[in-house]
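What follows draws every value from the coordinates through simple rules; no lab data is involved. On a predicted model such as this, the values are computed, not experimentally measured, just so you know. Ideal geometry is used to build each Cβ from the backbone, glycine not excepted, and the neighbour counts take in all protein chains shown.
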Amino acid sequence: MKDDDVIQWRFGNENTLIAEINKRADRITVYDNVLDGRFRDGLKLDNQTGSLTITNTRIEHNGLYQLKINSVIKSFSLSVIDEISVKEGDSVTLDSDLTEMKDDDEILWRYENTVIAEINKRADRFTVYDVLDERFRDRLKMDNQTGSLTITNITTEHAGDYKLLINSVSKGFMLTVHARLPVPVISSNSSQCSSSSSSSSSCSLVCSAVNVSHVTLSWYKGNSLLSSISVSDLSISLSLPLEVEYQDKNTYSCVLNNPISNQTQHLDITQLCHTCADSVHCCGSTEAVIRLVLSALVGVATVIILVYDFRSRRAGRDQAHIHTSGVFGVNGVWPVSVNEGDSVTLNLTEMKDDDQIQWKFGYRITLIAKIDKQTNSFNVYDDVLDGRFRDRLKLDKQTGSLTITNITMKHAGYYKVRTNSTRKSFDLTVRVVKEISVKKGDFVTLHNDLTEKKDDDRIQWSFEYGPVIAEINKWANSITVYDDVLDGRFRDRLKLDNQTGSLTITNTGTTDSGVYELDINYMKMIFILNVDDCCGPTEAVIRLVLSALVGVATVILLVYDIRSRRAEQDQAHTQTSGVFGDDEVKSVSVIEGNSFTLDSGLTEMKDDDEIQWMYGDENTLIAEINKRADRITVYDDVLDGRFRDRLKLDNQTGSLTITNTTMKQTGLYKLQINSQIKSFSLTGVFGDDEVKSVSVIEGNSFTLDSGLTEMKDDDEIQWMYGDENTLIAEINKRADRITVYDDVLDGRFRDRLKLDNQTGSLTITNITMKQTGLYKLQINSQIKSFSLTGLRIVTVIEGDSVTLNSDLTEMKDDDEIQWSFSPENTLIAEINKRADRFTVYDGVLEGYRDRLKLDNHTGSLTIRNTRTEHTVTCYLQINHLKTLFIINVIGVFGDTQVMSVMEGDTVTLNPGFIKISDDGIQWMFGTENTVIAEISVMAEIIPIYDDYDGRFRDRLKLDNQTGSLTITNTTSEHDGLYKVKFIRKRVMLFSLAVCARRLPVPVISRDSPQCSSSCSLVCSAVNVSHVTLSWYKGNSLLSSISVSDLSISLSLPLEVEYQDKNTYSCVLNNPISNQTQHLDITQLCHTCSDSVHCCGPTEAVIRLVLSALVGVATVIILVYDIRSRRAERDQAHTHTSGPFEVASFEHFGLERPFNMAAMIIFTPKCPSEGDISRLERTICV
């Protein structure tokens, strides 16, 4: 802008002024409170260019914007588009954002600029149009109160742009429709078990999914991604291999996901991977009895767990948890799963003072709760929708979160919350679990508790979380039973009730035992079916044993129940008792400057609770909560202001936190909850000169110095650790005894402590977070303290994410975790397991909003999309353990240089330096930023660290003039990201892809065993990585599939017509080479009349057998003919010989018998009838 420029921004038909810049007056003004505050905190004006930025756009921001620069006017028409994703077959509501239409409103809905629905309130006309080849027939429903449009039973034809016009205000929707995902199938990739003695100790598996598009198929080890493959714009079959060890105890799963849903198949290694010795499943009667007894024990344990779970629910201690896998929260939709009868909270983080919050339910978007902070009104409409929510809804007045108690199947569905600045949606699924037993051979019906299906119901039955075995789709009016799946075990035995959807299994067998899952829209029912295989007298004995076990279990449960009731009575008794005795005062010690929480012991306060915190002998009131009056007060100015800005009162539990503690805050604290009193004695707050603070890099060693040069003969030294002063080492010079107790405290000090027998100093080696905390040294009567803090230096490239690990695998029930940033120790995240509270304060520091993610299982903190300003010191405190993180964010200079090299060749990564600066340079590799080479100009050294797992050994060369890094004899192990660090906090990035020296030629084959109306082909390539496989029609690309970081087999299908005269080719390429295979349609594709000589593998075997039989028959006939002719000649020759003669092998031209038995040929020479009787001649012949 120029020095005399005047810029004005106006909005709407009335040209309301919303922002202006007057350069002469040096005035920049934003009027974001006009027009009912719709722009509040949403406008940013650039003081250099005058451009206007609108943040967090909503439908209210739609309309005409006018910019006036001096006398020049420019206009902008803004239309806000809402992106929505939905699964095929579901319903979706395009929300008008109106609570109620006015009498003169006109609403118009368009799809791809074609009008599909409209409302004219003046004419009282509501119209839905069946345009566009009737793709919307019977699918559109328009709300006559709000004008919102619902599309039911969605297909891919309904994806696209929708536009809503309300009078002169427009709103856009981009609707994406995703197909329902199949469950991926995991199978063994070897035809038989591997010998236990073979050299291979691994099991080859493959996970596959058929006919999928726009998906990613991935293998996970626990929560860590191992490998993945994606496909976008075509429907094909994907497969992904995996190698595991036979004895691998890790958890593996295969996940198929698209942007809004996922399907997971967990790997059962014991079922798919076993050696030959493991595959013998036979057992004797003794083992059968043992197995049955073990099964009974498992059953008893299950009963105990179920009873415990029931009592836990009744006591109100359970809370529904949100479980997610794969890709969740896309477009603000969060899946929530809860058991029937439980409670669930749909969470919001916080409310602003001017917020208006609306909670709505169902695709009709029925209002069920409302908060108006300006008028301080909180309303619950629990009588709507046939009263299903009556006395079940609770609104949190602090956050606006909605809790639904005692959930039934009627509460499953779609919940939507809208505040002034945010929108969020929840898909609530309700689970019901039933257990059913049936005798072998009988039938059983799994009832779904529906009396009748609705028009939009979709019912699916599956077995053992595997494939669907039966389904009903009311929209498609289809009822299907898939009884041929799972090796046909259900064939002709499944019956599906078309009225209720209940499933009947006839002639049940033991293979039918297992878990059956019923999915009805948002309701899930789990049926655990046990098929009892009856037998004879042996079973009577077994059943007697089982009955005894059940009896024992019953006694255990009764004893457990009695003891639990007594414990509850004892607890109730203690709540009515008075002040605890001196022996019940809890002593607490804390390091000066730290924070500490005095725990009230409550998980949540009741509506009539009154809590008071008092301090000192005079019981000075310092904080109180009165739930009836809804009043929370902190009196931090009492007692000479020693508590000023140091007290924090938890409004959920009543616990009191004291921050930045000094000696003035020590003393007696009393907590009075109604009539109950609890006391705390805060001691051990040391002065700066009494506690020595020490920071040490994790993995290093550190010595806590006793301060002695030499101990005296009567000295006694003790080293203690933690708040409980656990003894970990001691020296008694009189007894000449030196002892290290490194097995205490769960063995965290094992083999890490070294005690100097001359000075008494203690050295801790290989320090981790577990060894941080408070150490005390007592020398005779003198006490000295050390506060040990672990130090981690974390380096991350700008734009990447970094996770600060807590090193916990799982938190305990009483853990408290706090994350804070320097320089003012600002609290940014915390977890309080007792109060079940997980909070991220990402708005307290500028630049961290929406970048912080707290792991609620381990307490680890992730900073996403890092910037150089995130270089900071961060403190993690877990109970009394403290760790210091120094986060070093390195800025990226320029774009990432993408390079490719042929395997075995040499490549040089050249940063383009003319001369290296005095700071030197550092080359790093991989996601862990492992240093592989560096130049230190000041030290005049050029070290190369090529021993990093050996992959770079003797392959790296570093130019000391330019800093270029050369890698020789490259292999696939050198794939990845290289970073060169220079000028302190700047890096350049190189992405190197090492391609195979010679690509295989792709193979084109027929994908159908016999002729059909079209020819199905598939192009494949095995053991390839960093490649793309593509089909071309002439020079036009038809389809492609790519793989990057793993070596797998790729295949790509193609359908062509028999008489197609076009030229097709399949191309396999990487960044530096390609291989092409041209399709010969006449060779691979011919019609049925041409396929006389075509046969499948079965027919080929039959033809081969028949040919062999014909050949054998021919040989037999030839041998018979030869023998017959020779027999005739021999007969003529023997007319002059005796009655019999023995024919040798030579008569037949044989050197030896062709069978193992000797061959003797008797050639008879019978007399004429005149010489002997007819009977004798007949016998002779």
(request) Among the listed pairs Lys394/Lys833; Lys410/Lys440; Lys44/Lys352; Lys44/Lys163; Lys678/Lys784, give every one whose C-alpha distance is greater than 24 Å. (result) Lys410/Lys440; Lys44/Lys163; Lys678/Lys784
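Which of the three applies to segment 50-166, rounded, prolate or oblate, going by the alpha-carbon gyration tensor with a ≥ b ≥ c and a/c under 1.5 meaning rounded?
Working: a/c = 2.30, a/b = 1.67, b/c = 1.38.
Prolate.
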(request) Compute the distance in nm between two label points, each set 7 Å from the Cα along the Cα-to-Cβ direction, one at Phe838 and one at Glu350. (result) 1.9
(message) Taking R0 as 56 Å, what FRET efficiency do you get between Asp532 and Thr57 from their Cβ-Cβ distance, rounded to the nearest 0.05?
(response) 0.35
(message) Could you tell me the extents of segment 1-86's C-alpha atoms along the three principal axes, largest first, rounded to whole Å?
(response) 52, 23, 23
(request) Enumerate the lysines that Lys957 could reach by cross-link, defined here as Cα to Cα under 19 Å, with residues fewer than 8 away along the same chain left out. (result) Lys915, Lys979, Lys981
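Taking neighbour Cβ counts within 10 Å as the exposure measure, how do Lys812, Lys424 sort from fewest upward? Walk me through the numbers before you get to the answer.
Working: Lys812 9, Lys424 17.
Fewest-to-most Cβ neighbours within 10 Å comes out as Lys812, Lys424.
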(request) Could you tell me which GluC sites (Glu not before Pro) in segment 51-144 are loop residues by DSSP with no more than 10 other beta carbons within 10 angstrom of their beta carbon? (result) Glu100, Glu112, Glu134
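Count the net charge of all other residues whose Cβ sits under 13 Å from the Cβ of Gly63, scoring Lys and Arg as +1 and Asp and Glu as -1.
On the way: positive: Arg10, Arg38, Arg58, Lys171; negative: Glu14, Glu60.
Local net charge: +2.
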(request) Please arrange Ser1124, Ser502, Ser1049 by counting, for each residue, the other beta carbons lying within 10 Å of its beta carbon, fewest first. (result) Ser1124, Ser1049, Ser502
(request) Could you work out how far apart the two model spin labels at Asn33 and Ser936 are, taking each label as a point 7 Å from the Cα in the direction of the beta carbon, and quote it in nm? (result) 6.0
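What is the packing order of peptides 972-979, 1110-1117, taking the mean over residues of other C-beta atoms within 10 Å and listing the highest first? Display every interim value, and only then the final one.
Working: 972-979: 17.1, 1110-1117: 10.0.
The packing order, highest mean first, is 972-979, 1110-1117.
Restricting attention to segment 715-797, which GluC sites (Glu not before Pro) occupy a DSSP loop and are surrounded by at most 15 other Cβ atoms within 10 Å? Present the calculation step by step, with values, prior to reporting the outcome.
On the way: sites: Glu716, Glu724, Glu730; in loops: Glu724.
The qualifying sites are Glu724.
What number does segment 582-683 give for Rg over Rh if you use C-alpha atoms and the Kirkwood radius? Can you show the working numbers first?
Values: Rg = 12.9 Å, Rh = 13.8 Å.
My calculation puts Rg/Rh at 0.94.
Can you work out the FRET efficiency for the pair Arg1126 and Gln1075, with r the C-beta to C-beta distance and R0 = 56 Å, to the nearest 0.05? Could you put the intermediate results ahead of the total?
Working: r = 64 Å, r/R0 = 1.14.
For Arg1126 and Gln1075, the calculated efficiency is 0.30.
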(message) For a quick check: sort Glu243, Glu618, Glu340 by the number of other beta carbons within 10 angstrom, fewest at the front.
(response) Glu618, Glu243, Glu340
(request) Note the full-extension length gain between Arg998 and Thr763 as 0.36 nm times their separation in residues minus their Cα-Cα distance, in nm to one decimal. (result) 78.9 nm
(message) Suppose the chain between Gln271 and Lys44 were pulled fully straight at 0.36 nm per residue; how much longer would it get relative to their current alpha carbon spacing?
(response) 75.7 nm
(request) Choose one of Gly773, Gln758, Thr739: the residue whose Cα lies farthest towards the positive end of the charge dipole of segment 736-796 (beta-carbon charges +1 Lys, Arg; -1 Asp, Glu; about the Cα centre). (result) Gly773
(request) Run a plain Debye calculation on segment 702-789 (Cα atoms as equal point scatterers, no solvent) and give log10 I(q)/I(0) at q = 0.10, 0.11 Å⁻¹, rounded to two decimals, same order as the q list. (result) -0.22, -0.26
(message) Give me the one-decimal nm value for the distance between modelled label points at Thr1082 and Glu903, 7 Å along each residue's Cα-to-Cβ direction.
(response) 3.8
(message) I'd like the FRET efficiency for Thr429 and Glu14, computed as 1/(1 + (r/R0)^6) with the beta carbon distance as r and R0 of 41 Å, rounded to 0.05.
(response) 0.30
(request) Normalising by the residue count of segment 82-178, find the relative contact order in percent from Cα pairs under 8 Å and 6+ residues apart. (result) 40
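Can you tell me, using C-alpha contacts under 8 Å and at least 6 residues apart, the relative contact order of segment 668-761 as a whole percent? Display every interim value, and only then the final one.
Numbers: 103 pairs, mean separation 19.4, N = 94.
Over segment 668-761, the number comes to 21 percent.
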(request) May I ask you to compute the full-extension gain from Arg750 to Ser79, defined as 0.36 nm times their residue separation minus their alpha-carbon distance, rounded to one decimal in nm? (result) 235.0 nm
